[in-house]
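Just so it is clear, none of the values below were taken in a lab; they were calculated from the coordinates. Everything numeric in this text was worked out from a predicted model, so none of it was measured. Reconstructed Cβ throughout: ideal geometry from the backbone, glycine too, with neighbour counts over all protein chains shown.
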Amino acid sequence: MLRRPAAVLALCLVGLLLPQTPTATAATEARQRATPQVQVTSWSSYADFKAGTRRGLKLGRGSVSLLKPKRRTIAGRSYDAGTWTSPWATPGFGATALIPTWEATTPGKSLVRVEVRGRAADGTTGSWDTVADWSRLNKRLPRTTHSGQADDLGRVSVDTWYATSSVASWQVRVTLLRPAGTTQPVSLERVGAVASVDAAAARPTSQPGPGVGTVLPVPTYSQMVHSGHYPQWGGGGEAWCSATSTAMVLAYYGIAPAPAGIAPGHVDAAVDYTAKMVYDHGYDGTGNWAFNTAYAATLVAGDSYVTRMRDLREAEDYIVAGVPLVVSIAFGRNQLTGAPISMSNGHLLVIVGFEPDGDVVVNDPAGATNAAVRRVYDRAQFERIWIAASGGTAYVIRNS
């Protein structure tokens, strides 16, 4: 889809999430390359969740779920609710943005509410700001983000929390909700965020590394062949670049859920279905970064989260590990040679590999047909517009 440009994004976890590279040496090199201005933090294990604060929840192996919930009213509806609050995450720098992501099980009419808050270097603590109400099935309450909520330390803009100046630490809080009196097994399996400082300043083009000559066999889907489809989910065409990119990565892993609710005869119906499953009713679009990874997390066996990267050299490690990346770019006229569209103020596509000379091989869903989706872009041009537009934002979706 065509998406607003975004500055820096954020997440915090108990340990840097790195691609599963073939050797320990490669992983060590990746850690050494990681800029101190980006830190991903997440909580997903028994020990991680135990380190947080629980209210009305019980610990499981790699999850928390409702045990003794309290009644809570949201939008005039009554829910049984329990909350998990993370420890304070301290990135080691003044973060200017956070992007939270999560993996949750939300059967029936259950959902999760995700909130964040920051703390300044002087100890001032901001208010809890609601980033999203999310559910896989989108029943009872619409899946939505809550832009605004400006306070003295920050504000919410769709999937990103922006600090007024910077914060020294942050927390995330997740509330598990199910209709009052029901027994739906809602649970949280992982939550985190990527914390960062704006990294859009110009820098030298990265040198090609171990990913050169590797191209992953990711199927090609065009967003444009869906133009006019399902106006209630954005209407297809230029609006569906994110959903189409997510569908391509899932198809690469052999994941093609039955397209429930999609009319028979739709070409590549998985794209329409993905748009339905990631649509953000607050943003009115399918390009919510966290909603795409949260949906993918319900289907894959591995991690699914949003991160940022310093350059394409870091992206190569994922390609070597067999992990394609959905990345967020923006560009003006003559800034991306060979692109199927002349310009975009926000676009997502899939990095699938690298040419022997280091140029980037992509599945660009803006191609007019499936056959026109595979493209090769100049490394310097592509890296420049990726970093400048979104600070190197990428969806990491792994099935392992």
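Going from the fewest other Cβ atoms within 10 Å to the most, the residues ILE319, ILE385 appear in the order ILE385, ILE319.
Note on the chain: with charges restricted to the Cβ of Lys and Arg (+1) and Asp and Glu (-1), its dipole about the Cα centre is near 1600 debye. Among MET343, MET277, the ranking by other beta carbons within 10 Å of each residue's beta carbon, starting with the fewest, stands as MET343, MET277. Dividing the helix sum by the residues of the chain, where each DSSP H run of 4 or more adds -39500 (n - 2.57), gives a mean residue ellipticity at 222 nm of -5000 deg cm²/dmol. The HN-Hα couplings worked out from phi for the range 207-222 by the Karplus form 6.51 cos²θ - 1.76 cosθ + 1.60 (θ = phi - 60°) are 7, x, x, x, x, 5, x, 9, 10, 7, x, 7, x, 9, 10, 9 Hz, whole numbers, x standing for Gly and Pro. Were the residues from ALA256 through SER227 laid out at 0.36 nm apart, the gain over their Cα-Cα distance would be 8.3 nm. When the chain is treated as a GNM with alpha-carbon contacts under 10 Å, the residue of VAL267, VAL212, VAL360 showing the greatest mean-square fluctuation is VAL267.
Can you sort TRP102, TRP289, TRP88 from fewest to most other Cβ atoms within 10 Å of each residue's own Cβ?
Starting with the residue having the fewest Cβ neighbours, the order is TRP88, TRP102, TRP289.
Partners of LYS276 within straight-line reach, counting lysines whose Cα lies under 24 Å from its Cα and excluding those fewer than 8 residues away in the same chain: LYS109, LYS139.
The amide H of ILE74, built 1.01 Å from its N in the peptide plane, has TYR79 as neighbours under 5 Å, considering only residues 5 or more places off or on other chains. Considering only VAL158, VAL300, VAL172, the Gaussian network model of the chain with Cα springs below 10 Å gives its largest mean-square fluctuation to VAL300. Angle of helix 379-390 to the longest C-alpha principal axis of the chain, folded into 0 to 90 degrees and rounded to 10: 20°.
On a per residue basis, the convex hull of the C-alpha atoms belonging to the range 131-207 measures out at 176 Å³. The alpha-carbon positions of the chain define a convex hull whose volume is 132 Å³ per residue. Modelled spin labels at SER400 and ALA121, positioned 7 Å past Cα toward Cβ, are 3.7 nm from each other. Between the residues GLY76, GLN223, ALA239, the greatest Cα displacement towards the positive end of the dipole of the chain, with unit charges on the Cβ of Lys, Arg, Asp and Glu, is found for GLY76.
Note on the range 24-196: Kirkwood radius taken over Cα pairs, Stokes-Einstein applied at 37 °C and 0.692 mPa s, translational D equal to 196 µm² s⁻¹.
If the elastic network links every pair of Cα atoms under 10 Å, which of THR307, THR293, THR85 fluctuates the most in the Gaussian network model of the chain? Looking only at THR307, THR293, THR85, the biggest GNM fluctuation is shown by THR85. Seen from every direction in turn and averaged, the convex hull around the alpha carbons of the range 224-397 projects onto 9.5 nm².
Between GLN149 and SER166, residue separation times 0.36 nm minus the direct Cα-Cα distance comes to 4.5 nm. Cβ-Cβ distance of VAL215 and LYS68, R₀ of 56 Å, FRET efficiency by 1/(1 + (r/R0)^6): the value works out to about 0.60.
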